[in-house]
Amino acid sequence: MKKFIAMFMCAALMACVSVSAQDICKTAANVPMVQLNNGVLMPQFGLGTFMQPSDAICKQSCLTALKAGYRHIDTAHAYNDERGVGEAVKESGIPREEIWITSKLWPTEYGEGKTLKAIDEMLARLQTDYIDLLYVHQPVGDFVGAWKDMEKAVAMGKVRALGISNFDANDEVFNKIMSESTVKPAVLQIECHPYAQRLAMREKVKPYGIHITCWFPLGGAMSNGALLKDPTIMKIAESHGKTAAQVILRWHIQEGFSAIPGATNPDYIEENIRIFDFELTDGEMAQMRSLDKEQRFFNATLEQVENMVWNAKLSD
């Protein structure tokens, strides 16, 4: 399997024009690929499966997305929908190597010797023999022990790239994972959108070549649609004949982020990916950047997150 993946990576790289360009090469639906700090290519746009109500609904959402051209699906053990993702990938008819699967380990699975078992169980739920990107989901518990097992999983060919999710909680957790790791994080996943553009965090990860993937790229349910009703965004959308959501997602792409908007409505799933047939002008990008006010919509403290972690119920 490791040999096959290596051959696929080489073929993909040979097909690309430039390894320094933002869109090194492109996948289905004209989605750009970004090159991570370990050389692996990842589709820059995908479907987030947070809050999918069931495996059955998740499966249908993923099938709709894959048919529309999505090739990146972001899930997690805590979402309790990995089985739905795995079934969709199997039934899509699309070769596994053309689909990027991201998942996340929950803190109850952290610990050297414990995490490898959790990874094998994740592979079984997803019905695959490798995961493209694996995160530690929250900076809680023995994430260093988990990381050591994750590094072993990379060496075993079970995982292609490692990431840290929500490690913007404080400097201590970020510095600890960076100092204790041998395989450095390739991706940081955090809340990020035009109202919270995370400038300081972007500067912090830049020396490490860590790519940023944005959850709540449209603000999430907690925002009550604030971004979608923003006058500046609505005016830009009108000028392009696009929706506010499409303009926001296009901003993410041009800013260099990856975005993983979640949806179950087929119309929204299809709408969200129709962002690669237009570009925002420099002036419009400046207008979007001017909206930053570091207004995050998920504001739980690390202590509150810890309580959530230990009370969470995960699927088997």
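The values are calculated or read from the model by the stated rules, or taken from the named source; none is laboratory data. Please read these numbers as outputs of a predicted model, since none were measured by experiment. Glycine also receives a Cβ, built like all others from the backbone with ideal geometry; neighbour counts cover every protein chain displayed. Keep in mind that these areas ignore ligands, DNA and RNA; they rest on the heavy atoms of the full protein, side chains included. Shrake-Rupley method; radii C 1.70, N 1.55, O 1.52, S 1.80 Å.
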- prompt: Of the residues that make up region 111-132, is at least one in contact with a Phe, Trp or Tyr (Cβ under 7 Å, 6 or more places away or on another chain), open to solvent by less than 20 Å² (accessible area, probe 1.4 Å), on the phi < 0 side of the Ramachandran plot and of a type in the set (Phe, Trp, Tyr)?
  reply: no
field: Every residue from region 42-60 that is under 16 Å from the mean Cα position of the chain (by Cα), open to solvent by 10 Å² or more (accessible area, probe 1.4 Å) and not polar (S, T, N, Q)
entry: Phe50, Met51
task: Using the structure shown, decide if Leu280 is in a loop (DSSP other than H, G, I, E, B) and of a type in the set (A, V, I, L, M, F, W, C).
output: yes
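Which of the residues spanning region 233-244 are among the hydrophobic types (A, V, I, L, M, F, W, C) and either closer than 13 Å to Asp277 by Cα or open to solvent by 10 Å² or more (accessible area, probe 1.4 Å) (or both)?
Matches in region 233-244: Met234, Ala244.
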message: Conditions first: (1) open to solvent by less than 40 Å² (accessible area, probe 1.4 Å); (2) not in a loop (DSSP other than H, G, I, E, B). Gly39 passes all but one, so which condition is the exception?
response: (2)
query: In this structure, is Glu87 more than 20 Å from the chain's Cα centre (by Cα) and in a helix (DSSP H, G or I)?
result: no
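Residue check: is Asp316 modelled with pLDDT of 95 or more, over 18 Å from Ala196 (Cβ atoms) and either of a type outside the set (Val, Ile, Thr) or exposed (fewer than 12 other Cβ atoms within 10 Å of the Cβ) (or both)?
Taking the combined requirement at face value, the residue does not satisfy it.
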- line: When region 168-204 is checked residue by residue, the ones that are under 13 Å from Trp215 (Cβ atoms) and either open to solvent by less than 10 Å² (accessible area, probe 1.4 Å) or hydroxyl-bearing (Ser, Thr, Tyr) (or both) are Val187, Leu188, Gln189, Ile190, Glu191, Cys192, His193, Ala196
- request: Kindly establish whether Gln189 is in contact with a strand residue (DSSP E or B) (Cβ under 6 Å, 6 or more places away or on another chain) and polar (S, T, N, Q).
  value: yes
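This table checks each residue for (1) of a type in the set (D, E, K, R); (2) closer than 27 Å to Leu134 by Cα.
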{"site": "Trp215", "(1), (2)": "no, yes"}
{"site": "Gly220", "(1), (2)": "no, yes"}
{"site": "Gly225", "(1), (2)": "no, no"}
{"site": "Ala237", "(1), (2)": "no, no"}
{"site": "Glu270", "(1), (2)": "yes, yes"}
- line: Residue set Ile233, Ile253; condition closer than 24 Å to Leu66 by Cα and outside any loop (DSSP other than H, G, I, E, B); output residue Ile253
query: Is it the case that region 213-225 has a residue that's among the β-branched types (Val, Ile, Thr), under 16 Å from Ala286 (Cα atoms) and at pLDDT 95 or above?
result: no
- request: State the number of residues belonging to region 48-80 that are assigned to a loop (DSSP other than H, G, I, E, B) and not basic (Lys, Arg).
  value: 11
- request: Report whether or not Lys3 is open to solvent by 50 Å² or more (accessible area, probe 1.4 Å), of a type in the set (D, E, K, R), at pLDDT below 95 and in a helix (DSSP H, G or I).
  value: yes
query: Which one of these does Glu180 not meet: (1) in contact with a helix residue (DSSP H, G or I) (Cβ under 8 Å, 6 or more places away or on another chain); (2) of a type in the set (Asp, Glu); (3) under 19 Å from Glu294 (Cβ atoms)?
result: (3)
